[in-house]
Amino acid sequence: MRILIVEDDPGIAGALRTGLEDEHYVVEVATDGESGLAAARTGGFDLVVLDLLLPRLAGMEVCRRLRAARSAVPILMLTARDSTRDIVAGLDTGANDYLTKPFSFEELLARVRALLRSATKALAATVRIGPLAVDTAARRATCSGIPLDLTAKEYQLLEFLAVHRDQVVSKDRLSRSLWMHASEPESNALEVYIAALRKKLATTGGDGLIQTLRGAGYMLREVAG
């Protein structure tokens with residue numbers, strides 16, 4: 001699971017990052033509202049922890065713009081304000097939950113887990129595209145009823161494309177989903193995984209499901225009969 005922290009206080013951001021990474025989450029930090037919004041818009045995160053008071057762009061506005069762009073990413077808002085009006089305003093803007101500073105890391109972790117559970121339940125357990133079925137709960141896939149023998153990265157790539165079916169996904173966005181917060185992959189690594197997936201799909205009746213849109217990226221969609 002990938003979490004974006006948008007927090008300008010280096011002490012708080014560092015502590016949250018360390019704590020969440022210790023819980024095996026992949027974490028990135030943005031230190032102002034504009035960079036946080038740009039990162040969240042990539043779609044590469046499962047949850048955003050968003051401070052209310054940020055330089056360059058306020059947290060409330062970041063949240064509003066994400067929701068205006070139809071982003072459904074869960075947002076946990078952090079606020080030093082404990083007035084009912086500010087809390088209600090944050091929730092009305094589109095935040096899913098809030099925490100008032102100061103808070104314990106254990107409480108934040110509980111909120112994070114609850115939001116991620118809710119988001120997972122909201123997604124269909126199995127995504128179907130033509131003969132392909134991707135079971136996101138069991139983390140396995142079949143094509144024409146035949147189990148696909150996938151490596152961890154191949155499954156991660158296929159699931160990301162399946163969840164974003166019928167959408168053009170850029171190479172940069174796919175690379176971020178596979179190698180976020182890790183050493184840089186070889187320049188052609190993504191193409192190698194795409195080729196391997198296509199080969200496995202082709203041998204099980206899924207030829208043509210992964211389409212290349214030159215200069216834009218890739219799309220997973222059902223092939224017209």
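We did not get these values from a lab; they are worked out from the coordinates using the rules stated. From a predicted model like this one, the values you see are computed outputs, not experimental measurements. Positions of Cβ are generated from backbone atoms using ideal geometry, with glycine treated the same way; all protein chains shown enter the neighbour counts.
Tilt of helix 84-93 relative to the longest C-alpha principal axis of the chain, in degrees (0 to 90, nearest 10)?
20 degrees
What are the ³J(HN,Hα) values, in whole Hz, obtained from phi via the Karplus relation 6.51 cos²θ - 1.76 cosθ + 1.60 with θ = phi - 60°, for each residue of segment 41-51 in sequence order, with x given for Gly and Pro?
5, 5, x, x, 10, 9, 7, 10, 9, 10, 6
Taking the Cα centre as origin and putting +1 on Lys and Arg beta-carbons and -1 on Asp and Glu beta-carbons, what dipole magnitude results for the chain, to the nearest 20 debye?
Using Cβ point charges on Lys, Arg, Asp and Glu, the chain gives about 860 debye.
In whole Å and largest first, what semi-axes does the C-alpha gyration tensor of segment 126-220 yield when each eigenvalue is scaled by 5 and square-rooted?
Rounded to whole Å, the semi-axes are 20, 14, 12.
Cross-link candidates for K171: which aspartates and glutamates have Cα within less than 12 Å, leaving aside residues fewer than 8 places away along the same chain?
E191
Candidates [x] 15.4; [y] 13.2; [z] 10.6; which is the computed mean projected area of the Cα convex hull in nm²?
[y]
When DSSP assigns beta bridges and you keep just the ones with both residues in the chain, what percent turn out antiparallel, to the nearest 5?
If I count the DSSP bridges inside the chain, around 45 percent turn out antiparallel.
Where nothing but the Cβ of Lys and Arg (+1) and of Asp and Glu (-1) is charged, how large is the charge dipole of segment 19-145 around its Cα centre, in debye to the nearest 20?
Dipole about the Cα centre, nearest 20: 620 debye.
Which of A72, L91, F105 sits farthest toward the positive end of the charge dipole of segment 2-122, with +1 on the Cβ of Lys and Arg and -1 on the Cβ of Asp and Glu?
The one lying farthest along the dipole's positive direction is A72.
Per residue and in cubic angstrom, what volume does the convex hull of the Cα atoms of segment 2-122 have?
94 Å³
Percent relative contact order of segment 1-74, based on C-alpha pairs within less than 8 angstrom and at least six residues apart?
36 percent
Taking H placed 1.01 Å from N in the peptide plane, check which residues at least 5 places from V49 or on another chain put their amide H under 5 Å from its amide H.
L4, I5, V6, L76
Quick check on the chain: helices-only [θ] at 222 nm, where DSSP H runs of length 4 and up contribute -39,500 (n - 2.57) each and the sum goes over total residues. Nearest 500, please.
Mean residue ellipticity at 222 nm (helix-derived): -13000 deg cm²/dmol.
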